[in-house]
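Student: Quick one: the structure is below, questions incoming.
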Amino acid sequence: MNLMKHLTSTEDLSLSEVEAILDRTRRFKNNFKDNSIQRTLKDRLIITIFFENSTRTRSSFEVAAKRLGAEVVSLDVSKSSTSKGETLYDTASNLDAMMPDAIIVRHKDSGVPKILSNYISCPILNAGDGSHAHPSQALLDLFTIKEHFNFGEIRGKRIAIVGDIKNSRVANSNIELLGRMGLDITLVAPPHFMPKRPSLKQSHALEPILDEVDIIMSLRTQIERHSNATYASLKDYARDFCITKDRIGDRDILLLHPGPVNRNIDIDDEMLSDPRCKVLTQVQNGVFVRMSILEKLILDSQA
Ligand code: CP
């Protein structure tokens, strides 16, 4: 039986598959410390195609693949035949004809990885599509939350997702996954950044929820996805929504951000260097989570 599976959104994974990925991630992190990671993807080849810029996700997937012994080919989109008018379908079909073991794609348009998954013969991994989904980010965020609570019960933990939620694929994927894991989610944003999510608690101000949450996930204001200016200035936004040391005080709160951080807009310098802020732990965990995702998708598809 062909067990081919793609990862286009967190909904592609059952809760038991999510738990299996997180367990494997934990083992990879422990194995890394004692230098005992097995090269389970030796002789496999992975292609990355990033039609949008990335610092973390692309390098994290590539490091993850190499740590497991896979080869990586990265298509430089700016030098590809896309500039000669080649369609996305043709680009993907031609890369598929080279018989890679997986293709990792990021695109500015929502739905591209899902469309590609219908006619590509290897697993497609979504590295972020428009404002739709960023499943590996949500999995690494979930792992970081579980690790913070010593891998104990997280059902019922209260999280505020703060910022430009409407345009955020990270928020979409986290709302889906953390909601399924039983976290209590509150969306915090000015009206123009608030999505239509009537089933979730919402607040247009930060202060009233600070004593009500265990976790804050701050998001980047996504200037590139705004079709027109929806606020007077980033400074005005920061005045009300920046996560500052003054605001947080000595509260016992886990602070997350997917990156890139707009310093002193999303989170201030002081909180970024505060031990409660786990931005770089998220990045570190991202490699182990992606090792786990790649291993599962590639080995399952070839079983
Ligand atoms: N978190 C994230 O997606 O970062 P990059 O855009 O740098 O990949």
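The values are calculated or read from the model by the stated rules, or taken from the named source; none is laboratory data. Treat the numbers as computed from the prediction; the structure is a model and nothing was measured. No Cβ is skipped: glycine too gets one built from the backbone with ideal geometry, and neighbour counts run over all protein chains shown.
Student: Give the number of residues within region 110-149 that are within 19 Å of the chain's Cα centre (by Cα) and β-branched (Val, Ile, Thr).
Tutor: 4
Student: When region 39-51 is examined, which residues are found to be more than 16 Å from the ligand (Cβ to nearest atom) and either aliphatic (A, V, I, L, M) or free of Cβ contacts under 8 Å to residues at least 60 places away in the same chain (or both)?
Tutor: ARG39, LEU41, LYS42, ASP43, LEU45, ILE46, ILE47 - these are the residues of region 39-51 that are more than 16 Å from the ligand (Cβ to nearest atom) and either aliphatic (A, V, I, L, M) or free of Cβ contacts under 8 Å to residues at least 60 places away in the same chain (or both).
Student: Here is a follow-up. For GLY152, which of the numbered conditions (1) assigned to a loop (DSSP other than H, G, I, E, B); (2) under 15 Å from the mean Cα position of the chain (by Cα); (3) closer than 20 Å to LYS29 by Cβ fails to hold?
Tutor: In the conditions (1) assigned to a loop (DSSP other than H, G, I, E, B); (2) under 15 Å from the mean Cα position of the chain (by Cα); (3) closer than 20 Å to LYS29 by Cβ, GLY152 misses (2) alone.
Student: Is there a residue in region 57-69 that is loosely packed, with under 13 Cβ neighbours inside 10 Å, out of contact with any helix residue (DSSP H, G or I) (no Cβ under 7 Å at 6 or more places or on another chain) and over 27 Å from GLY152 (Cα atoms)?
Tutor: No, every residue in region 57-69 fails to be loosely packed, with under 13 Cβ neighbours inside 10 Å, out of contact with any helix residue (DSSP H, G or I) (no Cβ under 7 Å at 6 or more places or on another chain) and over 27 Å from GLY152 (Cα atoms).
Student: Assess whether SER14 counts as being surrounded by fewer than 13 Cβ atoms within 10 Å (Cβ to Cβ), of a type in the set (Gly, Ala, Ser) and modelled with pLDDT of 95 or more. Give the steps one after another, and end with the answer.
Tutor: On the way: surrounded by fewer than 13 Cβ atoms within 10 Å (Cβ to Cβ): yes; of a type in the set (Gly, Ala, Ser): yes; modelled with pLDDT of 95 or more: yes.
For SER14, the condition - surrounded by fewer than 13 Cβ atoms within 10 Å (Cβ to Cβ), of a type in the set (Gly, Ala, Ser) and modelled with pLDDT of 95 or more - is met.
Student: In addition: What do you reckon, is ILE248 surrounded by fewer than 24 Cβ atoms within 10 Å (Cβ to Cβ), aliphatic (A, V, I, L, M) and over 27 Å from PHE28 (Cα atoms)?
Tutor: The answer is yes for ILE248.
Student: Could we say that ARG276 is touching a residue at least 12 places away in the same chain (Cβ under 8 Å) and among the basic types (Lys, Arg) here?
Tutor: yes
Student: Would you check if ASP252 is part of a loop (DSSP other than H, G, I, E, B) and not hydrophobic (A, V, I, L, M, F, W, C)?
Tutor: yes
Student: Go through region 32-45 residue by residue and tally those that are farther than 22 Å from ASP101 by Cα and loosely packed, with under 15 Cβ neighbours inside 10 Å.
Tutor: Adding up the residues that qualify gives 4.
Student: Suppose we keep only residues that are touching a residue at least 40 places away in the same chain (Cβ under 8 Å) and under 11 Å from SER218 (Cβ atoms) within region 229-245. Which one would you say is surrounded by the most Cβ atoms within 10 Å (Cβ to Cβ)? Give the steps one after another, and end with the answer.
Tutor: Filtering region 229-245 down to residues touching a residue at least 40 places away in the same chain (Cβ under 8 Å) leaves 231, 237, 240-241, 243.
Then keep just the ones that are under 11 Å from SER218 (Cβ atoms); that gives 241, 243.
Values: PHE241: 24, ILE243: 27.
By that ranking, first place goes to ILE243.
Student: Same structure, new question: Return the pair list, or none, for Cβ contacts closer than 6 Å from residues in region 196-215 that are surrounded by 17 or more Cβ atoms within 10 Å (Cβ to Cβ) and modelled with pLDDT of 95 or more to residues that are in a helix (DSSP H, G or I) and not charged (D, E, K, R), at least 6 apart or on different chains.
Tutor: Pairs that qualify, where the first residue is surrounded by 17 or more Cβ atoms within 10 Å (Cβ to Cβ) and modelled with pLDDT of 95 or more and the partner is in a helix (DSSP H, G or I) and not charged (D, E, K, R), are LEU206/PHE241.
Student: Here is a follow-up. Within the bounds of region 167-175, is there any residue that is surrounded by fewer than 21 Cβ atoms within 10 Å (Cβ to Cβ), at negative phi and either not in a helix (DSSP H, G or I) or not assigned by TED's automatic domain parsing to the domain that holds GLY259 (or both)?
Tutor: No, there is no match, as no residue in region 167-175 is surrounded by fewer than 21 Cβ atoms within 10 Å (Cβ to Cβ), at negative phi and either not in a helix (DSSP H, G or I) or not assigned by TED's automatic domain parsing to the domain that holds GLY259 (or both).
Student: Name the strands (runs of 3 or more DSSP E) wholly inside region 52-141 in which the number of residues that are within 11 Å of the ligand (Cβ to nearest atom) is 2 or more.
Tutor: Because the criterion is at least 2 residues that are within 11 Å of the ligand (Cβ to nearest atom), the strands (runs of 3 or more DSSP E) in region 52-141 that meet it are 124-129.
Student: Taking the criterion of being in contact with a strand residue (DSSP E or B) (Cβ under 8 Å, 6 or more places away or on another chain) and within 16 Å of the ligand (Cβ to nearest atom), would at least one residue in region 242-254 satisfy it?
Tutor: No: zero hits.
Student: If you take the residues of region 155-166 that are among the charged types (D, E, K, R) and either more than 17 Å from PRO260 (Cβ to Cβ) or not in a loop (DSSP other than H, G, I, E, B) (or both), which of them is farthest from the ligand (Cβ to nearest atom)?
Tutor: Ranking the candidates gives ARG155 first.
Student: Could you tell me which residue of region 277-301 is nearest to the ligand (Cβ to nearest atom), considering only residues that are touching a strand residue (DSSP E or B) at 6+ places or on another chain (Cβ under 9 Å) and closer than 12 Å to THR57 by Cα?
Tutor: Checked region 277-301; the qualifying residue nearest to the ligand (Cβ to nearest atom) is GLN282.
Student: Being surrounded by fewer than 20 Cβ atoms within 10 Å (Cβ to Cβ) and farther than 20 Å from ASP90 by Cβ is the filter here, so list the residues in region 46-55 that pass it.
Tutor: Selection gives ASN53, SER54, THR55.
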